[in-house]
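The next block holds one structure in the form of structure tokens; read it before the comments.
Only the coordinates and a few stated rules stand behind these numbers; no lab work does. This is a predicted model, so every value here is computed, not measured. Backbone-built Cβ (ideal geometry, glycine too); neighbour counts: all protein chains shown.
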Amino acid sequence: MKLLKKQISEKDGAGSVVLRAEDPEDMWHTYNLIHVGDSVKTTTMRKVGKEGVTGPTSSRRVHMTLQIEVEQVNVDPVLGVLRIRGKWIIKSQNVSGTQCKNSCINRDFALTKAAAGCHAAGTD
């Protein structure tokens, strides 16, 4: 795993890191870093449909940045895929209020924690 950027407060341990998982094992380590209440920001592609009077008329894939507050995290260590479910922190007109994001290998993501409480100490 590559650490691309780090901004952590020495006072309370709050801050963020930008990481890139490079292999399936890195996804397992990422799974162990992300907890409920954390914020995850990454880029993704979403299918956006255009609605007409009679229903959907067309759709296209749009590149967008997601930032969600984590509600649930699951990992598939064999496939190297991390599934993050949460609520929008930054709203978008093209998607609903709750999102699920599959994080993949070689895709940068920012992880933000409010403070280094029990999670950082490993007591959760």
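Near residue 56, within a Cβ-to-Cβ distance under 12 Å, what is the net charge of the other residues, with Lys and Arg +1 and Asp and Glu -1? For residues surrounding residue 56, the net value is +2.
Calculated FRET efficiency, residue 104 to residue 9, Cβ-Cβ distance, R0 = 30 Å: about 0.50 to the nearest 0.05.
Given a cut-off of 19 Å, what percent of all Cα-Cα pairs of segment 13-91 lie beyond it? Cα-Cα pairs of segment 13-91 separated by over 19 Å account for 50 percent.
Find which of 70, 37, 49 sits farthest along the positive direction of the dipole of segment 26-80, computed with +1 on the beta-carbon of Lys and Arg, -1 on that of Asp and Glu, about the Cα centre. Sorting the options by dipole projection puts first 49.
Projected label points at residue 114 and residue 64, each 7 Å from Cα along the beta carbon direction, are separated by 2.5 nanometres. Remark: 71, 10, 51 ranked as 10, 51, 71, counting other beta-carbon atoms within 10 Å and listing the fewest first.
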